[in-house]
Amino acid sequence: MIVFDLACVCGYQFEGWFQCREEFEAQSKSQMLLCPECGSDNIHKILSPVAAVRSGACVSEVPDGAAGSAGNERIASTLARLQDYVVKNFEDVGTKLAEETLKMHYGVEKARNIRGVATEDEEKVLKSEGIKFLKIPMPVKEEEPN
Ligand SMILES: [Zn+2]
């Protein structure tokens with residue numbers, strides 16, 4: 001998942017979320033990218049040094065340790081925005097992530113955005129089923145004192 005800062009000729013600026021760089025370019029070329037403010041397709045990317053959770057290939061999985069290894073604050077802030085997005089838009093199913101994902105995969109349940117935790121074994125099952133999932137390091141919730 002990549003987030004780009006986009007700007008319209010009218011001056012409106014907004015964020016666009018894409019699977020990968022190629023998807024952004026395809027949408028941009030086919031004029032599918034429209035300004036939410038004025039509807040213009042004259043959108044350009046605001047160049048920012050690092051706007052990608054993971055640059056390069058069209059892969060949805062963030063490798064373990066990717067966030068911490070570089071010690072890059074810009075990556076950290078992008079990660080924080082991704083975490084915020086996931087928390088707001090994905091239903092928390094906790095430890096039932098693999099179970100719920102498989103149910104959706106087989107059409108037992110309606111497809112929706114979910115988040116949660118999975119064990120290594122569960123991840124292997126999901127992978128063997130060809131299910132794509134995004135792994136992002138989440139901040140550990142601090143225990144609230146009574
Ligand atoms: Zn506009």
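The table for this structure:
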{"item": "Theoretical FRET efficiency, 1/(1+(r/R0)^6), r = Cβ-Cβ of R81 and K124, R0 35 Å, to 0.05", "result": "0.75"}
{"item": "Virtual spin-label span in nm between T95 and R112, 7 Å along Cα→Cβ", "result": "2.2"}
{"item": "Estimated FRET transfer efficiency (D5, M104; beta-carbon r; R0 30 Å; 0.05)", "result": "0.45"}
{"item": "Sequence-distant lysines (8 or more away, or on other chains) whose Cα lies within less than 30 Å of K96", "result": "K88, K110, K124, K127, K132, K135, K141"}
{"item": "At 0.890 mPa s and 25 °C, Stokes diffusion of segment 90-136 via Kirkwood alpha-carbon radius, µm² per second", "result": "232"}
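Every number here is computed from the coordinates shown, using simple stated rules; none is lab data. Keep in mind it's a predicted model, so treat the numbers as computed, not measured. Positions of Cβ are generated from backbone atoms using ideal geometry, with glycine treated the same way; all protein chains shown enter the neighbour counts.
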